[in-house]
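Notes follow the structure.
The values are calculated or read from the model by the stated rules, or taken from the named source; none is laboratory data. For clarity, every value in this text was computed on a predicted model and none was experimentally measured. Every residue, glycine as well, gets a Cβ built from its backbone with ideal geometry; the counts of neighbours run over all protein chains shown.
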Amino acid sequence: MDKRIKVSLLLIAVLSITAAGCVAIPAVSSVESHTEVVDLEDAESVTAEIIMGAGKLVVQSGTEALMEGEFHYNYKDYSPDIAYRVRSSGRGDLLVEQDAGPNFRVPSNYKNEWELVFNEEIPLNLEITLGAGESVLDLADLNLGSFALKMGAGSSYVDLSGILDQDLVVNIQGGVGELTVLLPLDTNIIAEVTGGLGEINIKGLDREGEMLVSNYSGPGPVLNITIEAGIGQLNLLVQ
């Protein structure tokens with residue numbers, strides 16, 4: 001049997017098993033929307049954690065506040081919980097969390113979309129955990145010190161192609177579906193990809209033993225990225 005057919009059948013099986021163990025959540029027909037603004041206050045750096053059970057997540061840069069968020073949903077209990085505090089050390093802790101368990105069946109009229117805009121200047125450690133759905137993460141202009149992503153089922157597009165001002169540590173755990181990661185040109189990159197069942201496309205990196213390294217080798221920060229591939233397609237592209 002063709003490898004792609006095997007992967008497709010396994011993907012269907014995994015999704016079927018997942019759905020069978022889920023609890024249906026009712027939804028209403030009307031879509032509610034609201035906006036949240038989180039001020040930076042006197043934080044010198046921020047650790048932000050985003051947890052979304054199901055839906056579409058968009059993350060980008062371009063606000064003077066710490067974060068501006070627009071939320072659209074048709075089930076009121078999916079309005080996210082947002083908590084922020086600044087420690088005496090000067091570190092801010094931000095949590096944006098969907099108040100629902102990760103295992104539930106998504107009804108056909110389900111709608112849950114988050115659009116989060118972050119400050120470009122503040123040093124940011126960002127961690128995202130996704131259940132099912134789609135994510136578009138434009139992180140190229142953020143001042144990232146670390147980034148972690150845990151996928152569920154669906155698709156994720158991660159843009160890390162910006163110019164680095166400091167070393168960056170990235171850890172990604174793939175799920176079921178398609179993951180695309182864009183990496184920067186003219187940057188020292190050390191990548192490790194493990195696991196994975198499906199198609200893996202790599203562009204702009206050379207293999208050295210168990211590792212992948214960038215064609216560029218010179219002064220400047222280093223991007224260290226570790227990917228535990230899941231089931232589906234992984235695209236790791238330098239551009």
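The number of residues in the stretch 124-142 that are crowded, with 18+ Cβ neighbours inside 10 Å, out of contact with any Phe, Trp or Tyr (no Cβ under 9 Å at 6 or more places or on another chain) and at pLDDT 95 or above comes to 2.
Give the residue, chosen from 223, 212, 234, that is within 23 Å of the chain's Cα centre (by Cα), over 13 Å from residue 190 (Cβ atoms), assigned to a strand (DSSP E or B) and at pLDDT 95 or above. I'd like the intermediate steps shown before the answer.
Values: 223 fails: over 13 Å from residue 190 (Cβ atoms); 212 fails: over 13 Å from residue 190 (Cβ atoms).
Answer to the selection: 234.
Please state which one of 223, 168, 182, 237 is of a type in the set (A, V, I, L, M, F, W, C), under 16 Å from residue 139 (Cβ atoms) and surrounded by fewer than 16 Cβ atoms within 10 Å (Cβ to Cβ). Matching residue, one of 223, 168, 182, 237: 237.
Within the stretch 81-108, if we keep just the residues that are of a type in the set (Asp, Glu) and under 17 Å from residue 34 (Cα atoms), the residue that is modelled with the lowest pLDDT turns out to be 99.
In the stretch 60-87, the residues that are at positive phi form Cβ pairs under 7 Å with partners that are not basic (Lys, Arg), at six or more places apart or across chains, as follows: 62/117; 62/120.
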